[in-house]
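FYI, it's all coordinate maths here, none of it is from the lab. All of these numbers come straight from a predicted model, not from anything done at the bench. Neighbour counts run over all protein chains shown; Cβ positions are idealised from the backbone, glycine included.
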Amino acid sequence: MKMDVLLGLQWGDEGKGKIVDVLAPQYEIVARFQGGPNAGHTLEFDGIKHVLHQIPSGIFRSNILNIIGNGVVLDPIVLKKEIDGLGKFAIDYMKNLVVSKKATIIIPTHKLLDAALETSKGDKKIGSTLKGIGPTYQDKIGRLALRVGDILSPEFKEKYQVLAEKHKTTLSFYNHSLDALIEMEEQFFSAIEFCKTLNLIDSEYVVNDALRSNKRILAEGAQGSLLDIDFGSYPFVTSSSTMAAGACTGLGVAPSKIGEVFGIFKAYCTRVGSGPFPTELFDAAGEAMRKEGNEFGSTTGRPRRCGWLDLPALKYSIMINGITQLFMMKGDVLNIFEEIKVCTHYELPTGDRIDRLSFEISDMGVNPIYKTLKGWNTSLQGIRDYDSFPIELKEYVSFLEKELEVPIKLISIGPDREQTILR
C-alpha cells in the first residue's frame, strides 16, 4: 500500500481541512507532516464551524487514527486548548490521536523571539503569524530544540531552562520585554503535564507498519507550496517543506511509498502577509472577492490579499509536487463576476513574456497577462452534481484542465461537507 498526500498549491488557505474531512472516510489514518499552529484548517458540517491548528482534520471521524508527525512543530498550549474544545463532541482523543515523540516543541521564548525578530525587520516584515514557528525550526536545524519525547525525561525542566536562557540572551539584544514570560511559562508547563498523558509514539514505525498492513493513509499538509522554504517566494515563506517531499521527511516514509498526490487550489488566489503576488487586485473587484469569500485568516484574522488565478504559479506547484489530481475550491466565490480573468503569462520589465516562475521574479516584479472568460454570474446554491453546473463554470473547469494537464476531480462550491462536487 502507498500513502496519499494532500497539499495546497498556492499561498495556503486553499481549503485543505474541508477536503481532508470529506476524504477521510476512505482512509484509516490521517497524518499531519509539517507546520504548526500557524496553520488553520477550517471544517464545517452540521451547521458548526471548526478550526484546527495542530490536530489532523480527520479527528471528527471516530474510526480514523490521527497522527501528529515528526515534521510538525507543536505548541503544547494550543494542543491542549484544541483537545479541550473537542470535549463537547464526545471525541475519544486517547484512542484517535497520537503524537510523534520526534515532533519539535514550541516553548514560550520562541514566541517572544518571533515577535522581536519580526519587529526588527521594520517595513521588510515577512508577515509572520508570531506563533514561534520560525525560531522553533531554527532551533531544530541548529540542533538545540526540545522534542516531545523530552517531556518524559526527569531532566526536562533543566533542558528547558538551558534553551530559554539562550533565547533570553538574544531577546536582550533586541531589548524585547520579558514581562509576559512568567504567565506564559505557567501555561506552558501546565500544558506539558497534560501532554504527558497523551499517546506519544515513534510515529515512523506506526506509519510504515500500517502501510505494510495495507492500511490507507492520507498525509495532510499545511500552508501551501508557494510558501515552501526552498521553492516558495523566499524569504516570504514558512520554515518547513510544504511539498509532497515534506511528507517523506515529516512522517518517515520512503519516496517510493507515495501514491496519489492531491493538489488543492482556489478558483482565484489569496495570500496573507508580505511577498510577491502578481495577480493581486487593489480595486473593487479585489474587495468584492475578499467579502464574498470571507477572506480573513483563520489563524491571524488578518484580511487576505486577493487576486485572479495565476496559472504560471499553479503549473509550477503541480510540477514540483507531481500532482496526480486537482481539487478546485471556492468556485462559488466567483458567482458574483460577469467576467473572470486568468493569468496565463507574466510580462517582465524588459518586455519579454514568460509562463514560468523564475528566481528573478521576486526582485524585479512582473505584470500579469490575462485571458478573460465569461462568468456564470449566478448562485450555485443547492447544486449537488457537475451536470447541473452553469455552462460557463464547466467551460472554466475545462479551460483550466487543458492548461494544467491534470484532471480536476473535485469542485467545492461552499464551506459545508455537502457542498462538494465529485467528478
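Data overview
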| item | result |
| --- | --- |
| Kyte-Doolittle mean at least 0.0 and Cα axial length at least 30 Å: DSSP H helices in the chain | none |
| Cβ-placed point charges (K, R +1; D, E -1), dipole of the chain about Cα centre in debye, nearest 20 | 660 debye |
| Signed unit charges on C-beta, dipole axis of the range 97-237, positive-most listed residue Thr136, Pro108, Pro235 | Pro235 |
| Positive minus negative residues near Ser100 (Lys, Arg vs Asp, Glu; Cβ under 9 Å) | +1 |
| Prolate/oblate/rounded label for the range 178-335 (Cα gyration tensor, a/c 1.5) | oblate |
| Gain in span if fully extended, Glu260 to Met94, counting 0.36 nm per residue against the direct Cα distance | 56.8 nm |
| Helical mean residue ellipticity (222 nm; -39500 (n - 2.57) per DSSP H run of 4+; nearest 500) of the chain | -9500 deg cm²/dmol |
| All-pairs Cα distance distribution in the range 136-250, expressed in whole percent, bin size 10 Å | 11, 28, 34, 24, 4, 0 |
| Nitroxide proxy distance, nm - points 7 Å out along Cα→Cβ at Ser62 and Lys374 | 5.0 nm |
| Overall form of the range 186-275 per C-alpha gyration tensor (a/c, 1.5; a/b vs b/c) | oblate |
| Rounded FRET efficiency, nearest 0.05, which uses the C-beta distance separating Arg356 from Tyr386 and R0 of 41 Å | 0.85 |
| Stretchable slack from Lys215 to Phe399, in nm (0.36 nm times residue separation minus alpha-carbon distance) | 62.6 nm |
| Of Lys88/Lys196; Lys88/Lys168; Lys2/Lys196; Lys315/Lys341; Lys159/Lys257, those spanning more than 28 Å from alpha-carbon to alpha-carbon | Lys88/Lys168; Lys2/Lys196; Lys159/Lys257 |
| Fluctuation leader among Gly331, Gly132, Gly36 - the chain, Gaussian network, Cα springs under 10 angstrom | Gly331 |
| Relative contact order %, the range 113-223, counting alpha carbon pairs below 8 Å whose residues are six or more apart | 23 percent |
| Net lengthening on full extension, Glu158/Glu339 (0.36 nm per residue, minus Cα-Cα) | 59.0 nm |
